[in-house]
1. Does any residue of the range 66-89 turn out to be more than 17 Å from Ala30 (Cβ to Cβ), crowded, with 20+ Cβ neighbours inside 10 Å and touching a Lys or Arg at 6+ places or on another chain (Cβ under 7 Å)?
2. For Leu79, only one of the following conditions fails: (1) within 16 Å of Thr35 (Cβ to Cβ); (2) under 15 Å from the mean Cα position of the chain (by Cα). What is its number?
3. What's the total number of residues in the range 49-82 that are in a helix (DSSP H, G or I) and of a type in the set (Asp, Glu)?
4. Kindly provide the set of residues from the range 1-48 that are outside any strand (DSSP E or B), at pLDDT 95 or above and among the β-branched types (Val, Ile, Thr), ordered by number.
5. Among the residues of the range 104-115, which ones are assigned to a loop (DSSP other than H, G, I, E, B) and among the aliphatic types (A, V, I, L, M)?
6. Could you check the range 116-141 and list, in sequence order, the residues that are part of a strand (DSSP E or B) and in contact with a Phe, Trp or Tyr (Cβ under 8 Å, 6 or more places away or on another chain)?
7. Given the structure, is Val101 buried (at least 20 other Cβ atoms within 10 Å of the Cβ), part of a helix (DSSP H, G or I) and touching a helix residue (DSSP H, G or I) at 6+ places or on another chain (Cβ under 7 Å)?
Amino acid sequence: MAGLTHLDDKGAARMVDVSAKSETQRRAVASGRITMSAAAAAAIRDGAVAKGDVLAIARIAGIMAAKRTGELIPLCHPLPITSVAIDLISDDTGITATATVTTTGKTGVEMEAMTAVSVALLTIYDMAKAVDKGMTIGGVRLLEKTGGKSGDWRA
């Protein structure tokens with residue numbers, strides 16, 4: 001099973017051993033979007049959602065999710081994250097979330113950035129579902145990563 005780092009030579013799942021890797025500065029940026037009705041977008045923008053400040057809570061949820069990624073994704077290393085920033089840009093049809101995560105470590109923070117975006121968007125759905133149950137979450141993807149043996153990458 002050459003090339004699949006989370007499988008051993010017998011095909012069994014394993015956590016990748018990173019003990020011999022050097023610590024480097026790592027950064028990952030991910031994004032995703034929740035689309036919604038104009039009424040839901042206006043309610044969020046105007047602070048009229050009964051559950052409170054949707055964007056503030058979504059930011060906190062995204063930060064918390066990045067910090068807990070190693071507990072949520074099987075075989076993902078728990079990492080000492082040094083920074084998480086969640087940017088939420090709203091318009092008349094939805095909200096785009098972008099997460100930037102950094103660490104100094106032996107493995108990257110791509111999963112942390114994508115988890116942060118996913119949970120921030122799910123939080124927006126949860127808080128605004130009384131206004132629009134038909135909201136759609138999609139397009140969650142890695143935009144860029146820096147650091148590590150494989151070097152830098154951009155979508």
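1. Looking for residues that are more than 17 Å from Ala30 (Cβ to Cβ), crowded, with 20+ Cβ neighbours inside 10 Å and touching a Lys or Arg at 6+ places or on another chain (Cβ under 7 Å), one finds none in the range 66-89, hence no.
2. Result: Leu79 passes all but (1).
3. Total satisfying the criteria: 1.
4. Ile44
5. Selection gives Val109 alone.
6. The one that is part of a strand (DSSP E or B) and in contact with a Phe, Trp or Tyr (Cβ under 8 Å, 6 or more places away or on another chain): Ile137.
7. no
Each row is one residue, and each column tells you yes or no for (1) within 13 Å of the chain's Cα centre (by Cα); (2) farther than 13 Å from Asp92 by Cβ.
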position: Ala20; (1), (2): no, yes
position: Thr24; (1), (2): no, yes
position: Val29; (1), (2): yes, yes
position: Ala41; (1), (2): no, no
position: Gly47; (1), (2): no, yes
position: Ala50; (1), (2): no, yes
position: Ala58; (1), (2): yes, yes
position: Gly62; (1), (2): yes, yes
position: Arg68; (1), (2): yes, yes
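The values are calculated or read from the model by the stated rules, or taken from the named source; none is laboratory data. What you are looking at is a predicted structure, and each value in this text was computed from that prediction instead of being measured. Every residue, glycine among them, receives a Cβ derived from its backbone with ideal geometry; neighbour counts consider all protein chains shown. Heavy atoms of the whole protein, side chains included, go into the accessibility calculation; ligands, DNA and RNA do not. Shrake-Rupley method; radii C 1.70, N 1.55, O 1.52, S 1.80 Å.
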